[in-house]
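To start, the structure itself, in structure tokens.
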There are 4 protein chains.
Amino acid sequence: MHKIDLQAFDLRTDLIIEQNVKNIKSNKYSYKDITVEGIILNKNNDLGKKEGKYVTISFKDITDSNSYESVLNIFKKELKKVIDYLNISNDNTCLIIGLGNPKIISDALGSKSIQKIIVTRHLYLLNNVDLKYRNVSILEPNVMGVTGIDSFEIIKNTINEIKPDFVIAIDSLCALDIRRLNKTIQITTSGITPGSGIGNSRCELSKDTLGVKVIAIGVPTVVDSAVIVSDTIQCILKKVSYLKNSYKKIDKLKPINKINYFDNNSVLKDEERKEIMGLIGLLDNNELKKLVWEVLSPLESNMIVTVKEIDFIVEKLSSLLSEGINKVIHHLD
Amino acid sequence: MHKIDLQAFDLRTDLIIEQNVKNIKSNKYSYKDITVEGIILNKNNDLGKKEGKYVTISFKDITDSNSYESVLNIFKKELKKVIDYLNISNDNTCLIIGLGNPKIISDALGSKSIQKIIVTRHLYLLNNVDLKYRNVSILEPNVMGVTGIDSFEIIKNTINEIKPDFVIAIDSLCALDIRRLNKTIQITTSGITPGSGIGNSRCELSKDTLGVKVIAIGVPTVVDSAVIVSDTIQCILKKVSYLKNSYKKIDKLKPINKINYFDNNSVLKDEERKEIMGLIGLLDNNELKKLVWEVLSPLESNMIVTVKEIDFIVEKLSSLLSEGINKVIHHLD
Amino acid sequence: MHKIDLQAFDLRTDLIIEQNVKNIKSNKYSYKDITVEGIILNKNNDLGKKEGKYVTISFKDITDSNSYESVLNIFKKELKKVIDYLNISNDNTCLIIGLGNPKIISDALGSKSIQKIIVTRHLYLLNNVDLKYRNVSILEPNVMGVTGIDSFEIIKNTINEIKPDFVIAIDSLCALDIRRLNKTIQITTSGITPGSGIGNSRCELSKDTLGVKVIAIGVPTVVDSAVIVSDTIQCILKKVSYLKNSYKKIDKLKPINKINYFDNNSVLKDEERKEIMGLIGLLDNNELKKLVWEVLSPLESNMIVTVKEIDFIVEKLSSLLSEGINKVIHHLD
Amino acid sequence: MHKIDLQAFDLRTDLIIEQNVKNIKSNKYSYKDITVEGIILNKNNDLGKKEGKYVTISFKDITDSNSYESVLNIFKKELKKVIDYLNISNDNTCLIIGLGNPKIISDALGSKSIQKIIVTRHLYLLNNVDLKYRNVSILEPNVMGVTGIDSFEIIKNTINEIKPDFVIAIDSLCALDIRRLNKTIQITTSGITPGSGIGNSRCELSKDTLGVKVIAIGVPTVVDSAVIVSDTIQCILKKVSYLKNSYKKIDKLKPINKINYFDNNSVLKDEERKEIMGLIGLLDNNELKKLVWEVLSPLESNMIVTVKEIDFIVEKLSSLLSEGINKVIHHLD
């Protein structure tokens, strides 16, 4: 479990409107209710981010089989593009790492995903493998709180030993927006930092630290309760703004409970915000999150939470990731 | 998983102050940081509740072994008192039911707890059992969404077949207060209604419907995100109220992050609440929850959530419940 | 886990040669290395067996995907024929029972299989289901040693409550021949007796006892170590017999370790058997098993055993059974 | 899973009688029905074995709580003696390795055992630990067939990184005698070779290969079916021998099914053995195993098997090992 740097994506929202930022190529498309956003950042980009390709696949649902297939197809397509972007050839060897704590289901996405990967490295050692299968091995380093050993140490030493050409690292993420929870797959080439954990948060997994190409794949499976609260307060303000603006032109045919206030970009005036939410209404999103955190912490109620059905969702997500990875890296389609 | 009627407990908070309500005997004590509240409601009580004994054990933590032992001892003591209250004798036979969905860990408290119960009914059928052990059997009816069969039907028919003298039903609950999440054990004799579920929510498990004495044991393991939001907004108001009132007399030696604003009972004036939180600040708790629900529902963001470490916590809680029940019903202490 | 009556199948081996037995219709075919034997016994058959259809599907392997698909297809075809034999119509409702102890993997085939069944009865109660899906529910009664309740009681009462038109019961079996271990699927209409267990072994699940049509599906996943020993001693004799008979005409091109001595039907003379195996060689198969049992019991070494990889094999078998049942009962192909 | 070299123990049986072998100190004692045998081999011992301490704890049962406690106490005592034998001091750091495949329950003893170990290395890194706890970390390298990576490589590199003072390696063993199955704990200081597996069987874990002291702990949880057969044939001969010798002096008060023929050391004459078992009766134990293996292999019936209840037994054994190791290495008693 780790917090991937989502600022690139948050900023993206702005950039789509502004268009003119230099050094950034962006690309966005939709299929049914799935949205894909991809950006490529150059070395000295204006966002202050690491260079690389960042892809976000957003979807509504993967629990029915049709949606599952649609998301799977897009995941395969985007993963393939990332592999091409990194100039990974068909005979490059791959180590797939399942990060996180396998005994905490909300943190077990990596561990569950690698269980279903088709592993072949030992067969290559015996010269006993169909060549449509790539040379693939897996590693589950677990977390330092369980093993006493920094997962970075285990990963680095294993890579030094078996020298894969590239690494795929899968992890559960912490959502910074409730609408992304369990509904976003992120693929990046800029690395990943496992474990907010115990003292070693600077041990990023990336080409710089490991010496091999890294593809990080993550899904946000948990969220800070402070995020839930501040997102909701924003929603209250957006709803009021929507109602005010649409008072005369309201669409009588659209059911009220299907209106997505969140995408409403009209802005309330300060005095209106103060009328509705008082001083709280004047805080920006970061100030609000900070206040909520300050209030909840002494009550020991600032929790990292996950949805009730997380067992079922991690089962589906890990199945999708492993099936997609198997098909793409082993050329099985 | 079900919503136990917590109103009796919520009202209790008020009643402790008021004292004079007729038909209600109350009892409250603390041990270390564990608080126990017990009330007995008569048939025609002023709360409009079912008659019976209601016990709530509140604690801070059961993950370290000392706290675990303390909570276990109090749970055993209170369970024994409930058994005595129901005039259950040492040779009465018992069926222990683990409600909920065993594959969803936040709903699996019942299922996990009964796995460790010492079962003897089959040995009694063979006249092959040490008499300090009670005649005990277990049942895991699962949930209708998994089996297609109403759990109430399975329970009722099994009780008709094996005719136990009393039933203990264990279930995960939905918390109505974030501070209770995973930190409260509730024991009641008034019955339990499993499954908000599919059409059959009126199938209460109680003496009235099953014909045998019922002890319901529950722990809140999930919470509605609307509750998190409204509890937090209340906390913001309480914190401001606390800061205002304690401006001059503030305890410089007490670390700011250890102050429990929530127990602050001083009340802000309406204009103060409006200053801080605008119109939202004037809503009462139920109006606030309703507003939050209205805002979040169209976004499909009104989730039932649980803490990230739920696997570990259900392991500990189920261990505590089964150990306590084994010791009390089998006279092993 | 139970011992299905395999005598019908054992006798079958003989009957295939003889052909003329009255009241028995037999049918046998092969596909690749899969063999299917089906017989129908009338009420007063010469075998003294219950009337009904008995099908045995024998295979070498289901762990590679090609073999898996072949066995799955034959299983679906044979299950469909059994359903037709019982005159079960498309709108008949079905209860699928997973027998055995879900916590003992060698006994968990039933439990694992029903987890993947598509359940619809609760949707039918709400009139909310695509009609290509049959009305299906599932039940996991567990075993008496775990619950204290006879699984037959739970099954009978559930059937009385929900009144399905037919029942499919899935169970792990005890093999009477090492070559059948994990390599045979048996389908019968004559019923099944779960649990050699504790006192209640006469509680057969069948149309006679439950009042509804019963299809029993089983796979032998365990074997008595006495069976391993006596089968091996038979093999030693068969190997010697083979070597003797084929001394001159031996096929030099056939690798010695691919010769299946077991299918060798030539018989050694008594003096030859005595030469090789002494008095032991003169015992018939049942006498030999009895002797082995007598010798091993006092050493507490007469074990019920299973193969080392049982976890993996039960995973594959349960996947195959549930996939096959889903496709056939829900008309999904 | 691996085959520990049991020849030292097998030879031990002989040595106890003979006494005079030089360079070998032996020690044997019993407590209730538990037997402990310890030997120390010097560098150039006459057995051709690696030098070191070899301890075997044999027991009848650990499933009832009294026997469990007795075996646990002896295990703790013997483990402590091994630690002293290796001159391991209280502040030496320890890495505990759970060998085997965690998804195959008969091979998961190591993996299950380390799950319950108290891990402290990460707390030492933060200077945040009660000094009665040793600096301990754990590693689960899994098996090459699953990960594609030789477990030896992962272990060696992790040891190079974290530099523990000693290693405890826990593994499931393959029994060479049916009476030892699940009923023997072996502790050795001479190393262990995980994985008969894929090509790398020479990667022994020992002081020679890893540069740190190694304590190997194993329990036989599987057995080759050829061993079952040959052990049984030996038993048949021993039983006949017993009956012959005790014909006149038979103890009428001792129930026949409690006689342990296996410990009968009287020997049948060759003509008697031939009378009973023919030519087979004249084979020695190794010749017999080889014959059985030759006969069963072409039938694909030479299986590695385990007992039906292996899930339950591995649960108990891993609980015992982890509890014992925790108490001894952390000075908790």
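The values are calculated or read from the model by the stated rules, or taken from the named source; none is laboratory data. All values reported here derive from a predicted model rather than from experimental measurement. Cβ placement follows ideal geometry from the backbone for every residue including glycine, while neighbour counts extend to all protein chains displayed.
Does B:I185 meet the test of being more than 10 Å from every other protein chain (Cβ to nearest Cβ), under 21 Å from B:S318 (Cα atoms) and buried (at least 23 other Cβ atoms within 10 Å of the Cβ)? Taking the combined requirement at face value, the residue satisfies it. So D:G110 fits all but one of (1) more than 10 Å from every other protein chain (Cβ to nearest Cβ); (2) closer than 13 Å to D:I329 by Cα; what number is the exception? (2) is the only condition that D:G110 fails. Scanning segment D:269-283 for residues that are crowded, with 17+ Cβ neighbours inside 10 Å and either among the basic types (K, R) or closer than 25 Å to D:K183 by Cβ (or both) gives D:R273, D:K274.
I'd like to check something: does segment B:12-24 contain any residue that is at pLDDT 90 or above, in a helix (DSSP H, G or I) and of a type outside the set (D, E)?
Scanning segment B:12-24 turns up no residue that is at pLDDT 90 or above, in a helix (DSSP H, G or I) and of a type outside the set (D, E).
For segment D:252-283, a tally of residues being within 7 Å of chain C (Cβ to nearest Cβ) and at pLDDT 75 or above returns 8. Say whether the condition of being within 25 Å of the chain's Cα centre (by Cα), under 15 Å from D:I329 (Cβ atoms) and modelled with pLDDT of 90 or more is met by at least one residue in segment D:140-163. Taking every residue of segment D:140-163 in turn, none turns out to be within 25 Å of the chain's Cα centre (by Cα), under 15 Å from D:I329 (Cβ atoms) and modelled with pLDDT of 90 or more. Of all the numbered requirements in (1) in contact with a strand residue (DSSP E or B) (Cβ under 8 Å, 6 or more places away or on another chain); (2) within 22 Å of A:I159 (Cβ to Cβ), D:S172 misses one, and that requirement is (2). Of everything in segment A:284-329 that is surrounded by fewer than 18 Cβ atoms within 10 Å (Cβ to Cβ) and assigned to a loop (DSSP other than H, G, I, E, B), the residue that is farthest from the other protein chains (Cβ to nearest Cβ) is A:D284.
Scan segment C:80-102 and tell me whether some residue there is touching a strand residue (DSSP E or B) at 6+ places or on another chain (Cβ under 8 Å), within 14 Å of chain B (Cβ to nearest Cβ), assigned to a loop (DSSP other than H, G, I, E, B) and not hydroxyl-bearing (S, T, Y). Looking through segment C:80-102, none of the residues is touching a strand residue (DSSP E or B) at 6+ places or on another chain (Cβ under 8 Å), within 14 Å of chain B (Cβ to nearest Cβ), assigned to a loop (DSSP other than H, G, I, E, B) and not hydroxyl-bearing (S, T, Y). In the condition set (1) of a type in the set (S, T, Y); (2) at pLDDT below 85; (3) part of a loop (DSSP other than H, G, I, E, B), D:S230 is compliant with all but (3). Taking the criterion of being more than 18 Å from the chain's Cα centre (by Cα) and more than 25 Å from D:V307 (Cβ to Cβ), the residues of segment D:204-236 that qualify are D:K207, D:D208, D:T209, D:L210, D:G211, D:V212, D:K213.
The number of residues in segment D:29-67 being of a type in the set (F, W, Y) and over 17 Å from the mean Cα position of the chain (by Cα) comes to 2.
Going residue by residue through segment C:169-180, is there one that turns out to be closer than 25 Å to C:V223 by Cβ and either within 10 Å of chain B (Cβ to nearest Cβ) or among the basic types (K, R) (or both)? Yes: one or more hits.
D:K50 versus (1) assigned to a loop (DSSP other than H, G, I, E, B); (2) at pLDDT 95 or above: which is the lone unmet condition? Exception for D:K50: condition (2).
Figure legend. Inter-residue proximity from segment C:136-154: first residues in contact (Cβ under 8 Å) with a residue 60 or more places away in the chain, second residues β-branched (V, I, T) and outside any loop (DSSP other than H, G, I, E, B), beta-carbon distance below 8 Å, spacing 6+ or different chains. Indicated pairs: C:V136/C:I96; C:V136/C:I329. Taking into account only those residues within segment B:195-206 that are surrounded by fewer than 21 Cβ atoms within 10 Å (Cβ to Cβ) and out of contact with any Asp or Glu (no Cβ under 9 Å at 6 or more places or on another chain), which is modelled with the lowest pLDDT? The residue in question is B:S196.
Considering (1) in contact with a Ser or Thr (Cβ under 6 Å, 6 or more places away or on another chain); (2) at pLDDT below 85, the lone condition that B:L6 does not fulfil carries the number (1). Would you check if there is a residue in segment B:67-79 being surrounded by 22 or more Cβ atoms within 10 Å (Cβ to Cβ) and in contact with a Leu (Cβ under 6 Å, 6 or more places away or on another chain)? The answer is no, given that none of the residues of segment B:67-79 is surrounded by 22 or more Cβ atoms within 10 Å (Cβ to Cβ) and in contact with a Leu (Cβ under 6 Å, 6 or more places away or on another chain). With respect to A:D91, determine if the residue is surrounded by fewer than 20 Cβ atoms within 10 Å (Cβ to Cβ) and charged (D, E, K, R). So A:D91 passes the test. Checking A:I215, A:I118, A:I192, A:I178 one by one, the residue that is surrounded by 23 or more Cβ atoms within 10 Å (Cβ to Cβ) and modelled with pLDDT of 95 or more is A:I215 and no other. Taking into account only those residues within segment A:113-155 that are among the polar types (S, T, N, Q) and over 30 Å from B:I310 (Cβ atoms), which is nearest to the other protein chains (Cβ to nearest Cβ)? In this case the residue turns out to be A:S137.
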